[in-house]
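The values are calculated or read from the model by the stated rules, or taken from the named source; none is laboratory data. Only a predicted model underlies this, so the values are computations on that prediction, with no experimental measurement involved. Counting neighbours? That spans all protein chains shown, and the Cβs are built from the backbone with ideal geometry, glycine included. Just the protein is used for accessible areas: all its heavy atoms, side chains included, with ligands, DNA and RNA removed. Shrake-Rupley method; radii C 1.70, N 1.55, O 1.52, S 1.80 Å.
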Amino acid sequence: MKGDYGTFMQKEIFEQPESVFNTMRGRLDFETESLRLGGIQANVVAIRRAKRILFIACGTSHHSALAVRALFEEAWEKPVFVEIASDFIDRKPPIFRDDVCVFISQSGETADTLNALRYCKDHDALCIGVVNAVGSCIARETHCGVHLNAGPEISVASTKAFTSQVVALTMIALLVGQSLALFQDRSRAIIKDLHMLPDIIRKVLAMNEQILTIAKECSKQQSILLLGRGGQYAAVLEGALKIKELAYIHAEGIHAGDVKYGPMALVNQARCIIFLALRDSHFNRTKAALAQIADCGAKPVVLCSIGDRAELSPFASSVLELPIVDEALQSVTSVIALQLLAFHIGVLRDNAVDTPRNLAKSVTVE
Ligand code: UD1
Ligand code: M6R
């Protein structure tokens, strides 16, 4: 049921304060800061002992893995890989019994992800699912896992699954990192912000009208570049995917550190650019990249953290200040802003946002 909303997509975007809360409900006790993921608890020691973690997924689910990769590297101090499932099964890379393979999927039915799971199982790796749909193939065939509990996602464009995946994966990283003394302060800070996350998301959703104003400008474009680095690299890939799906406009997410190796040639006064410059450990380098594209005449729309408007305005056509949250969770705030942007552009262009052309909700063929 769509309730008061015109589309499932809009409803699913706006229910994210509740869906992320449901992902944490009964698992994270904010008072005692204790965390228990019933679905993987028995395997936490095996995960900690593994040699590598590989995240394998498609589309939006692949982007959520990219969004949490740095946190796993920090919490676990071992190699972490993020794989696009279709490329993974093309290559059939070496997989070992001391690998942990994590399959992320909203539907639990994506054929490429499922094939990759069967391949990793055949190679005796520990296979973990992070899946929304209970009883789905991936949930059944993985050795263990964590359900997102985000509720049904109807719109073809994935929205609340992304934010719940980031939250579920963050909780797994926190569990894995419990054995690392150096990670404990950081873990506490992240738990504090997970507690605040529903309210933080409400603040982003309250920016809807500001985002609609930006969407009106973007809806006239033929191509949009989105730039970001660190956790914001995952966010720009996800934002570009949403814009392609909903607006049918060419959109490209580019690592802000990579722009000087070619994409800079596309940058000029007329080019529509969305630049994610949130306050994180890469902020100075992000600012340098922003200044470089401004030198080429670009005036991007800048998404930054509250308090940075004055510093970044000279480089921007407009600035959107997002609420402050731990770096590990920043992709949640920026992706929700980009979900709203893509949604509004799609509606302004009279597109069927719930059912974009040529796409299916679950891709059950290779
Ligand atoms: C489970 C119950 C929940 C109950 C709670 C009480 C289900 C679906 N969940 O939640 O209703 O309130 O116990 O303690 O009955 N799994 C996989 N692969 C996946 C996802 C999950 O194998 O991709 C497995 C898990 O390893 C676990 C089971 O499915 O054995 C349920 O997982 P999950 O719902 O995440 O567990 P709990 O949060 O403990
Ligand atoms: O159900 P899954 O998470 O496995 O689906 C993966 C992709 O098909 C999915 O994320 C797709 O890219 C969405 N339409 C993106 O909005």
Going through the stretch 152-209 in order, the residues found to be over 22 Å from Lys78 (Cβ atoms), buried (at least 17 other Cβ atoms within 10 Å of the Cβ) and within 16 Å of ligand 1 (Cβ to nearest atom) are Glu153, Ala161, Ser164, Val167, Leu194
Please indicate, with yes or no, whether at least one residue in the stretch 112-127 is under 19 Å from the mean Cα position of the chain (by Cα) and open to solvent by 20 Å² or more (accessible area, probe 1.4 Å).
no
Is it the case that the stretch 135-143 has a residue that's touching a residue at least 40 places away in the same chain (Cβ under 8 Å) and either away from ligand 1 (no atom under 11 Å from the Cβ) or not aromatic (Phe, Trp, Tyr) (or both)?
yes
Looking at the stretch 135-142, can you tell me whether even one residue there is farther than 27 Å from Leu340 by Cβ and aliphatic (A, V, I, L, M)?
yes
Those residues of the stretch 21-33 which are farther than 19 Å from Ala161 by Cα and open to solvent by 60 Å² or more (accessible area, probe 1.4 Å) amount to Asp29, Glu31, Thr32, Glu33
Within 11 Å of ligand 2 (Cβ to nearest atom) and open to solvent by less than 30 Å² (accessible area, probe 1.4 Å), is that true of Ser61?
yes
Lone unmet requirement of (1) open to solvent by less than 60 Å² (accessible area, probe 1.4 Å); (2) over 25 Å from Leu276 (Cβ atoms); (3) more than 16 Å from ligand 2 (Cβ to nearest atom) for Pro17
(2)
In this structure, is Ser107 within 20 Å of the chain's Cα centre (by Cα) and within 30 Å of Asp199 (Cα to Cα)?
yes
Condition first: in contact with a Gly (Cβ under 6 Å, 6 or more places away or on another chain) and either free of Cβ contacts under 8 Å to residues at least 24 places away in the same chain or more than 16 Å from ligand 2 (Cβ to nearest atom) (or both). Can you find one or more residues in the stretch 279-302 that meet it?
yes
